[in-house]
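Report on one structure; see the data block that follows.
What follows is calculated from the coordinates using simple rules that are stated; it is not laboratory data. Please read all numbers here as calculations on a predicted model, not as lab measurements. Ideal geometry is used to build each Cβ from the backbone, glycine not excepted, and the neighbour counts take in all protein chains shown.
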Amino acid sequence: MIYILHGQDLSASYSHLQFLLNKYPNHNKVNFYPENSFEQFQNAILGQNLFNENELFVCQNYISDNKIKVSQLKKIAADKIIILWEEEKLAASQLKSSGDISILEFKLPSTLFQFLDSISPKSISPLIYIRKINDKTAIGWHLVYRILLLILAKQNLSCDSVETITKKTLAPWQWQKILSQAKNFQLTTLFQMYNSLLMVDLMKKQGKTEADDASLIELLLIKYLKPAQMLQ
């Protein structure tokens, strides 16, 4: 099996790399860094394993540094498990002949997701990001969903259980990000934010307020996050 991880979100791609390594606990991990040559990697792949161990090979930046092409990799891989971790986005031409190879691109988050990821007590960042979002129509829905995930994380549910509840798939690196963010909150604060967001949605639907979603959400964030400083 061959995996290619690439893209500009290095934190997310590295988290997924760790997930894949943990997926094969009984395999001996063999790492090839940028300073290692293709010949060293090839010799390790084709060489005889004296102890008959299961092996997993990790190559860092081998495609972006032009040390190997995907077509070459498929010829020598055989039944080996190989992970190519690339610290930049690969061009489509570099991924030609990828066939049955598992390829994951990790993109930098949009402003909306930067906003969601920045939500934390006493932080002014959410107020900065929300004003940079061009299309604010979906902010409320995304924020409700994020707060729900944080509530479920605080209740120590597994990722599988959360997927069952929300009927949405979460990549391991996404769930790890939620778990990390949830540590910043008290559960009571999250419940208060969640209920207030639902109330805002109800007020909008009943026509009880003419304020736009972003303005109402800003007020809600100020109330519950209590940022250390305020925007003008």
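Enumerate the lysines that Lys208 could reach by cross-link, defined here as Cα to Cα under 23 Å, with residues fewer than 8 away along the same chain left out.
Lys136, Lys223
If you rank Trp175, Trp141 by fewest surrounding Cβ atoms within 10 Å, what's the result?
Trp141, Trp175
Relative contact order for the stretch 95-218: what percent, with Cα pairs under 8 Å and sequence separation of 6 or more? Walk me through the numbers on the way to the answer.
Details: 75 pairs, mean separation 36.1, N = 124.
About 29 percent, as a whole number.
Give the relative contact order (percent, whole number) for the chain; include only Cα pairs under 8 Å separated by 6+ residues.
It rounds to 24 percent for the chain.
Using a Cα-Cα cut-off of under 19 Å, which aspartates and glutamates could be cross-linked to Lys183, ignoring same-chain neighbours fewer than 8 residues away?
List returned: Asp117.
Which is the longest run of the chain containing none of the trypsin sites (Lys or Arg not before Pro) found in DSSP loop states (not H, G, I, E, B) with at most 12 other C-beta atoms within 10 Å?
Free of exposed loop sites, the longest segment is 1-95.
Under a crude label model (7 Å from the Cα following the beta-carbon direction), how far is Lys136 from Lys167 in nanometres?
Placing both labels 7 Å beyond Cα along the Cβ direction yields 3.0 nm.
Divide by every residue of the chain the summed helix terms, -39500 (n - 2.57) for each DSSP H run of at least 4, and state the resulting mean residue ellipticity at 222 nm, rounded to the nearest 500 deg cm²/dmol.
One gets -14500 deg cm²/dmol as the mean residue ellipticity at 222 nm.
Which of the aspartates and glutamates could a cross-linker bridge to Lys96, judged by Cα under 18 Å and excluding same-chain residues fewer than eight apart?
Partners found: Asp65, Glu86, Glu88, Glu105.
Using mean projected area of the Cα convex hull in nm² as the read-out, say which of [x] 11.5; [y] 16.4; [z] 13.3 was calculated from these coordinates.
[y]
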